[in-house]
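Colleague: Dropping the structure in here first, questions after.
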Amino acid sequence: MDQHNVSFSAEKDDLSSALAWIARSLPAKPTQPILRGVLIHANDDGLELFGFDREVSTRVHISAEVHEPGKMLVAGKLASDIVGSLPEKSISMEYEGSKVIVTCGSSRFELPAMTLEDYPVLPELPRVTGTIDPQLFSEAIGQVAIAAGKDDTLPMLTGIRMEIDGENVVMAATDRFRLAVRRFMWNPAAAEAQAELLIPAKTLADTARTMDTQTTDPVEIALGGGENIGQDGLLGIATDQRHTTTRLLDADFPKFRPLLPKTHNSLASVEIAPLQDAIRRVSLVADRNSQIRMDFAEDGVTLSAGGSDVGSAVETLNCSFVGSPLKIAFNPSYLKDGLAAVHTDRVVFGFTQPSRPAILIPEPENLPEADEEGNFPTPETDFTYLLMPVRLPG
């Protein structure tokens, strides 16, 4: 099959959704212009659309009425914008000579066709390593990706570490100011599966955000099998209609387990929704989002921010508190990120000292009792958000 005389029709919703998903992962400033393209392959099974920037590849299958099978290559973001703007009718696309004709109702667009011969070969999915419920996968990635770094000069911090130990998986991410760790179980293809990987956080987060979490069909995680898991340096994520691959990061993730405190001098349980609202209000006077102060005691938690130059704010909330009272300060943006990732009505804070990191975890059924030395062991939890405090003035 080639690019000549390609012709097909597809429903607007199907084609628009597929193009938008592919276009989302295409580079805004590609190293080669050809990588701006979306490759459309029309065959007897419908359409397959592909995108590739040499790091991330995407593939999606949709139904279509194919009149002339073949392949065409067009600018992905432009094609997506055009199809997305068209009315809810059947859309036809046809390759003619050096252009692609898009028609829908009374609308007609002509797009320059890109040269197929220059398009790179797309990577194959590795062997399936295991499967996971899409809702669980999407939730876990969302919880840890918020803590990943965005500084490309520190590649080890831009990834999500994934540790596979049989049916147990641990994901972790950090930007040095906070650390998010999530544990969950999946269905490995082999019970003895073992691997330690570093996956680009942005790709994982984008994939999770666009995943259909309403389906019960499991997500396939493809990293290879046996002792070769991750050895090809490629991760594949496959659902029924969509496939994504990404190159793994070749960097050493920091040793994060020693950072997680095993005991705490005090614990506080606070309802999340009112706390988020209070932080939003009080931080309006925080200087350049610098810090919000929290004063924890048995009678509640008092939030404060600002100073004489910018005005000040104070608000007190109810909380359940045990242990030594303390004053601590946080970056309000990082604090709100952590609270949003705790998917229970209440959050438990664990503190050691005002100058040491605090943890935020979902509230367990019962808070632990203090040991003989007056310390509280960290409750069992599947999710931990560790947050560095901001130095208090004076």
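The values are calculated or read from the model by the stated rules, or taken from the named source; none is laboratory data. As the structure is a prediction and not an experimental result, all values here were calculated from the model. No Cβ is skipped: glycine too gets one built from the backbone with ideal geometry, and neighbour counts run over all protein chains shown. All accessible areas refer to the heavy atoms of the entire protein, side chains included, with ligands and DNA or RNA removed. Shrake-Rupley method; radii C 1.70, N 1.55, O 1.52, S 1.80 Å.
Colleague: Show me the trypsin sites (Lys or Arg not before Pro) within region 145-229 that DSSP assigns to loop and that have at most 11 other Cβ atoms within 10 Å of their Cβ.
Modeller: Lys150
Colleague: Nearest 10 degrees is fine. How inclined is helix 12-24 to the longest principal axis of the chain, computing both from alpha carbons?
Modeller: Computed tilt is about 60 degrees.
Colleague: With the crude spin-label approximation of a point 7 Å out along Cα→Cβ, what separation in nm comes out for Asp53 versus Arg257?
Modeller: 3.5
Colleague: List the residues of region 100-136 whose backbone N lies under 20 Å from a point placed 7 Å from the Cα of Glu65 along the Cα-to-Cβ direction.
Modeller: 101-109
Colleague: Also, I was wondering about something else. Please list, by residue number, every one of the trypsin sites (Lys or Arg not before Pro) in region 317-374 that is coil in DSSP and has at most 12 other beta-carbon atoms within 10 Å.
Modeller: For trypsin sites (Lys or Arg not before Pro) across region 317-374 that sit outside H, G, I, E and B with at most 12 neighbouring Cβ atoms in 10 Å, the list is empty.
Colleague: Could you give the accessible area per residue of the chain, probe 1.4 Å, as a whole number in Å²?
Modeller: Dividing the accessible area of the chain by its residue count gives 49 Å².
Colleague: On to the next question. Would you please give the residues with an amide H less than 5 Å from that of Thr352, counting only those at least 5 places away or on a separate chain, with H modeled from the backbone geometry?
Modeller: Asn265
Colleague: Any number yet on Rg/Rh for region 185-273, C-alpha, Kirkwood?
Modeller: Rg divided by Rh gives 1.07.
Colleague: Please give the charge dipole size of region 14-123, origin at the Cα centre, charges +1 on K and R Cβ atoms and -1 on D and E Cβ atoms. Round to the nearest 20 debye.
Modeller: Working: 10 positive and 15 negative charges, 97 e Å.
Approximately 460 debye in magnitude.
Colleague: Sticking with this one: Would you mind calculating the gained length between Gln231 and Ser355 on full extension (0.36 nm times residue separation, minus the Cα-Cα distance), in nm to one decimal?
Modeller: Length gained between Gln231 and Ser355: 40.6 nm.
Colleague: Take every Cα pair under 8 Å in region 3-59 that's 6+ residues apart, average their separations, divide by the length, and report that relative contact order as a whole percent.
Modeller: After rounding, I find 30 percent.
Colleague: Using a simple spin-label model with points 7 Å from Cα along the Cα→Cβ vector, what separation in nm is obtained for His343 and Leu78?
Modeller: 4.1
Colleague: Turning to a different aspect of this structure: Give the range of the longest stretch in the chain that excludes all GluC sites (Glu not before Pro) found in loop regions by DSSP and having at most 16 other beta-carbon atoms within 10 Å.
Modeller: My reading of the result: 193-297 is the longest stretch.
Colleague: Tell me, what HN-Hα J-couplings in whole Hz come from the Karplus equation 6.51 cos²θ - 1.76 cosθ + 1.60 at θ = phi - 60° for each residue of region 149-163, using x for Gly and Pro?
Modeller: Values, residue by residue: x, 10, 8, 5, 6, 10, x, 5, 9, 8, x, 10, 6, 10, 10 Hz.
Colleague: Relative contact order of the chain, please, whole-number percent, based on alpha carbon pairs below 8 angstrom and at least 6 residues apart.
Modeller: Dividing the mean separation by the residue count of the chain yields 12 percent.
Colleague: If r is the Cβ-Cβ distance from Asp277 to Glu369 and R0 is 30 Å, what FRET efficiency results, to the nearest 0.05?
Modeller: About 0.40, to the nearest 0.05.
Colleague: Quickly estimate the mean residue ellipticity at 222 nm for the chain, helices only: each DSSP H run with n ≥ 4 gives -39500 (n - 2.57), and the total goes over all residues, rounded to 500. Walk me through the intermediate numbers first.
Modeller: On the way: 6 runs with 65 residues, N = 394.
Rounded to the nearest 500, the figure is -5000 deg cm²/dmol.
Colleague: Please list, in order along region 234-243, the HN-Hα scalar couplings obtained from phi with the Karplus expression 6.51 cos²θ - 1.76 cosθ + 1.60 (θ = phi - 60°), rounded to whole Hz, x for Gly and Pro.
Modeller: 9, 10, x, 10, 10, 10, 4, 10, 10, 10
Colleague: Going by alpha carbons, how many degrees (0 to 90, nearest 10) lie between the helix axis of 332-341 and the longest principal axis of the chain?
Modeller: 70
Colleague: I've got another one for you. Calculate the dipole size of the chain relative to its Cα centre from +1 charges on Lys and Arg beta carbons and -1 charges on Asp and Glu beta carbons; express the result in debye to the nearest 20. All intermediate terms of the calculation are to be shown ahead of the outcome.
Modeller: Working: 34 positive and 56 negative charges, 310 e Å.
My answer is approximately 1480 debye.
Colleague: DSSP loop (so not H, G, I, E, B), at most 15 other Cβ within 10 Å: list which trypsin sites (Lys or Arg not before Pro) in region 1-82 pass both filters.
Modeller: Arg54
Colleague: Quick one: length gained pulling Ser106 to Glu163 fully straight, 0.36 nm per residue minus the C-alpha distance?
Modeller: 15.1 nm
Colleague: Using 0.36 nm times the number of residues separating Ser90 and Leu116, minus their current alpha carbon distance, what extension gain do you get?
Modeller: Length gained, Ser90 through Leu116: 6.8 nm.
Colleague: Relative to the longest principal axis of the chain, what angle (0 to 90°, nearest 10) does the C-alpha long axis of helix 76-85 take?
Modeller: Rounded to the nearest ten degrees, it is 90.
Colleague: Any idea how far apart Gln214 and Ala297 come out in nm if each label point goes 7 Å out from Cα toward Cβ?
Modeller: Distance between label points: 5.1 nm.
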